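A.B. asks: Sharing a structure, written as structure tokens. Questions coming.
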Amino acid sequence: MSITPLMPVYPRCGVRPVRGEHCHLVDEDGTRYLDFASGIAVNLLGHSHPGLIGAIQKQAETLMHVSNLYGSPQGEKLAQTLVDNTFADTVFFTNSGAEAVETSIKCARAYHQNAGDLGDPKRFELITFTNAFHGRTMATISASNQTKMHHGFSPMLEGFKYAEFDDLGSAKALIGPHTAGFLVEPIQGEGGIRPASTEFMQGLRALADEHDLMLVLDEVQCGVARTGKLYAYEHYGITPDIVATAKGLGGGFPIGACLATEKAARGMTFGTHGSTYGGNPLAMAAASAVMEAVANEDFLEQVRDKGERLRSRLEQFIGNYPELFECVRGKGLMLGLKMKVESRPFFVHLRDHHQLLTVAAGDNTIRVIPPLVIGEAEIEEFLDKLSAGAASYKVPEPA
Ligand SMILES: *Cc1c(COP(=O)(O)O)cnc(C)c1O
């Protein structure tokens with residue numbers, strides 16, 4: 001037998017972390033890494049936040065799981081917090097980002113199809129955008145035009161049309177009798193930290209209003225304080241109908257959620273959707289601790305300040321290497337370094353030779369997505385490692 005016990009779908013690297021200390025990871029042989037990857041925008045509070053650990057420990061001792069057959073004081077509390085702090089009137093809890101997007105897709109379809117006398121089964125199509133990433137389930141790979149994720153998994157699910165990201169005309173041209181809504185990342189993450197423009201997001205809102213469409217945002221990566229606002233839609237001066245959130249929400253504990261307005265959730269009636277684990281007391285305790293830490297103006301302002309400082313330092317830095325770097329983009333502590341050369345080998349170089357963890361992304365971009373609790377010391381350490389990495393880097397010869 002040659003297959004590994006872990007199904008070999010990931011080309012895993014040699015870093016094998018066994019312990020986390022604030023913004024650092026320590027691997028099996030004791031090597032320390034500066035973690036500006038945060039488990040892919042997940043560990044908002046770093047790796048050893050006493051409040052988060054305490055909340056999980058306490059809840060684990062008290063009650064871990066009971067299913068959704070029973071009333072949920074823990075779920076009501078977190079849902080109320082999300083409702084109080086966002087556009088949403090109601091929340092469905094999931095265990096992952098892809099499930100949060102799945103729920104959002106179902107919610108948008110049900111808005112049209114399960115609406116009593118207004119119900120229209122022909123409205124099922126979501127207009128999505130090039131280079132989007134929405135997860136790895138059948139519906140969420142179907143929602144992306146990235147064919148590399150489709151290969152081997154045909155047929156794709158019906159009901160998605162792909163428009164050009166950040167191109168309002170291209171989205172408008174796809175609206176037809178089957179359209180149910182738009183599904184868009186306000187800031188593309190995997191696609192290379194590409195923020196949509198304000199005109200584009202406001203234009204989608206206007207088109208949605210005009211045609212009675214659902215504006216569904218995938219904020220799985222950019223949500224939960226990452227950009228210096230609790231949710232990224234706040235940067236755009238728009239109100240969405242449905243938002244999928246996950247990654248940072250549990251600070252490392254697996255949880256996602258579909259947030260919706262009362263109107264948008266009109267089709268999600270008794271028996272239409274469910275999850276065994278979704279919203280279990282342990283997940284609720286973790287996410288409640290995260291929300292308590294991040295959902296306040298003080299914390300959000302700190303994220304914006306740190307983001308601006310990091311960004312201006314990065315802009316200074318790339319000026320020294322005009323042959324390597326094109327630009328810095330993103331918002332808050334969701335930043336991308338777009339390279340002029342292939343970015344993946346540089347990302348590997350930083351990891352293997354300078355113990356600096358970042359995340360590779362599309363469009364030759366390196367994601368700089370640190371824990372939101374970094375301080376001046378971590379920003380300094382990051383720039384030291386990055387500068388040393390750029391100075392020692394030899395662009396590989398094309399094969
Ligand atoms: C990570 C991600 C997802 C999928 O989340 P999982 O928890 O991996 O299922 C969906 N959308 C976006 C924008 C993401 O970044």
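The values are calculated or read from the model by the stated rules, or taken from the named source; none is laboratory data. The shown structure was predicted, so the numbers you read here are calculated from the model rather than taken from an experiment. Every residue, glycine as well, gets a Cβ built from its backbone with ideal geometry; the counts of neighbours run over all protein chains shown.
A.B. asks: Which one is nearest to the chain's Cα centre (by Cα), of the residues in the stretch 17-38 that are crowded, with 22+ Cβ neighbours inside 10 Å and part of a loop (DSSP other than H, G, I, E, B)?
C.D. replies: Within the stretch 17-38, the first condition is being crowded, with 22+ Cβ neighbours inside 10 Å, and the residues that meet it are 23, 25, 34-38.
Next cut, part of a loop (DSSP other than H, G, I, E, B) only: 23, 36-37.
On the way: Cys23: 19, Phe36: 15, Ala37: 13 Å.
Among residues in the stretch 17-38 that are crowded, with 22+ Cβ neighbours inside 10 Å and part of a loop (DSSP other than H, G, I, E, B), the one nearest to the chain's Cα centre (by Cα) is Ala37.
A.B. asks: Follow-up question, since we're still on this one. Being more than 20 Å from Ala110 (Cβ to Cβ) and among the aliphatic types (A, V, I, L, M) narrows it down to one of Ala244, Ala260, Ala286, so name that one. Break it down stepwise before answering.
C.D. replies: Numbers: Ala244 fails: more than 20 Å from Ala110 (Cβ to Cβ); Ala260 fails: more than 20 Å from Ala110 (Cβ to Cβ).
Among Ala244, Ala260, Ala286, only Ala286 is more than 20 Å from Ala110 (Cβ to Cβ) and among the aliphatic types (A, V, I, L, M).
A.B. asks: If you scan the stretch 226-239, which residues turn out to be more than 16 Å from Gln188 (Cβ to Cβ) and not small (Gly, Ala, Ser)?
C.D. replies: Taking the stretch 226-239 as the starting set, the residues that turn out to be more than 16 Å from Gln188 (Cβ to Cβ) are 228-230, 234, 237-239.
Once the filter is applied, which keeps residues that are more than 16 Å from Gln188 (Cβ to Cβ) and not small (Gly, Ala, Ser), the stretch 226-239 yields Lys229, Leu230, Glu234, Ile238, Thr239.
Conditions (1) loosely packed, with under 15 Cβ neighbours inside 10 Å; (2) more than 16 Å from the ligand (Cβ to nearest atom); (3) modelled with pLDDT under 95, marked per residue:
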residue	(1), (2), (3)
Phe160	no, no, no
Gly169	yes, yes, no
Ile175	no, yes, no
Glu190	no, no, no
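A.B. asks: Still on this structure, please answer the following. If you scan the stretch 41-54, which residues turn out to be aliphatic (A, V, I, L, M) and surrounded by fewer than 17 Cβ atoms within 10 Å (Cβ to Cβ)? If you could, list the steps in order and put the result at the bottom.
C.D. replies: Within the stretch 41-54, the first condition is being aliphatic (A, V, I, L, M), and the residues that meet it are 41-42, 44-45, 52-53.
Within the stretch 41-54, just Ile53 meets the criteria.
A.B. asks: Can you pull out the residues in the stretch 339-350 that are crowded, with 20+ Cβ neighbours inside 10 Å and either of a type outside the set (Ser, Thr, Tyr) or part of a strand (DSSP E or B) (or both)? Explain how you work it out, then say what you get.
C.D. replies: At the first step, the residues of the stretch 339-350 found to be crowded, with 20+ Cβ neighbours inside 10 Å are 339, 343, 346-347, 350.
Within the stretch 339-350, Met339, Phe346, Phe347, Leu350 meet the criteria.
A.B. asks: Filter the stretch 208-240 down to the residues that are surrounded by fewer than 24 Cβ atoms within 10 Å (Cβ to Cβ) and in a helix (DSSP H, G or I) and list them by number.
C.D. replies: Correct list: Ala208, Asp209, Glu210, His211, Tyr233, Glu234, His235, Tyr236.
A.B. asks: Does Phe133 count as in contact with a helix residue (DSSP H, G or I) (Cβ under 9 Å, 6 or more places away or on another chain) and within 16 Å of the ligand (Cβ to nearest atom)? Working first, answer last.
C.D. replies: On the way: in contact with a helix residue (DSSP H, G or I) (Cβ under 9 Å, 6 or more places away or on another chain): yes; within 16 Å of the ligand (Cβ to nearest atom): yes.
It is true that Phe133 is in contact with a helix residue (DSSP H, G or I) (Cβ under 9 Å, 6 or more places away or on another chain) and within 16 Å of the ligand (Cβ to nearest atom).
A.B. asks: Also, I was wondering about something else. So which helices (runs of 4 or more DSSP H) are wholly in the stretch 87-181 and hold at least 3 residues that are touching a strand residue (DSSP E or B) at 6+ places or on another chain (Cβ under 7 Å) and under 19 Å from Ile238 (Cβ atoms)? Break it down into steps so the answer makes sense when it comes.
C.D. replies: On the way: elements: 97-113, 138-142, 168-173.
In the stretch 87-181, the matching helices (runs of 4 or more DSSP H) lie at 97-113.
A.B. asks: Next up: With the checklist (1) surrounded by fewer than 22 Cβ atoms within 10 Å (Cβ to Cβ); (2) in contact (Cβ under 8 Å) with a residue 12 or more places away in the chain; (3) more than 16 Å from the ligand (Cβ to nearest atom) in hand, flag the one item Ser96 doesn't pass.
C.D. replies: (3)
A.B. asks: Among the candidates Thr239, Thr276, single out the residue that is at pLDDT 95 or above, more than 16 Å from the ligand (Cβ to nearest atom) and within 22 Å of Thr198 (Cα to Cα). Lay out the reasoning, then the answer.
C.D. replies: Details: Thr276 fails: within 22 Å of Thr198 (Cα to Cα).
Only one candidate passes the filter, namely Thr239.
A.B. asks: Test Ser154 against the criterion of being modelled with pLDDT of 95 or more, farther than 19 Å from Glu219 by Cα and either surrounded by fewer than 19 Cβ atoms within 10 Å (Cβ to Cβ) or within 15 Å of the ligand (Cβ to nearest atom) (or both), and give yes or no. Write out each step before concluding.
C.D. replies: Numbers: modelled with pLDDT of 95 or more: yes; farther than 19 Å from Glu219 by Cα: yes; either surrounded by fewer than 19 Cβ atoms within 10 Å (Cβ to Cβ) or within 15 Å of the ligand (Cβ to nearest atom) (or both): yes.
Spelling it out, Ser154 is indeed modelled with pLDDT of 95 or more, farther than 19 Å from Glu219 by Cα and either surrounded by fewer than 19 Cβ atoms within 10 Å (Cβ to Cβ) or within 15 Å of the ligand (Cβ to nearest atom) (or both).
A.B. asks: Further question on the same structure: Consider Glu76 carefully, then state whether it is modelled with pLDDT of 95 or more, in the same structural domain as Cys258 (by TED's automatic domain parsing) and under 30 Å from Gly20 (Cβ atoms).
C.D. replies: Working: modelled with pLDDT of 95 or more: yes; in the same structural domain as Cys258 (by TED's automatic domain parsing): yes; under 30 Å from Gly20 (Cβ atoms): no.
Answer is no for this residue.
A.B. asks: Could you tell me whether the stretch 24-38 includes any residue that is charged (D, E, K, R), closer than 21 Å to Gly97 by Cβ and in contact (Cβ under 8 Å) with a residue 60 or more places away in the chain? Break it down stepwise before answering.
C.D. replies: To start, the set of residues in the stretch 24-38 that are charged (D, E, K, R) comprises 27-29, 32, 35.
When the remaining residues are screened for being closer than 21 Å to Gly97 by Cβ, the result is 35.
Then keep just the ones that are in contact (Cβ under 8 Å) with a residue 60 or more places away in the chain; that gives 35.
Yes; the residues of the stretch 24-38 include at least one that is charged (D, E, K, R), closer than 21 Å to Gly97 by Cβ and in contact (Cβ under 8 Å) with a residue 60 or more places away in the chain.
A.B. asks: Scan Arg313, Arg304, Arg266, Arg309 and give me the residue that is surrounded by fewer than 22 Cβ atoms within 10 Å (Cβ to Cβ) and not in a helix (DSSP H, G or I). Walk me through it before giving the result.
C.D. replies: Values: Arg313 fails: not in a helix (DSSP H, G or I); Arg304 fails: not in a helix (DSSP H, G or I); Arg309 fails: not in a helix (DSSP H, G or I).
The conditions single out Arg266.
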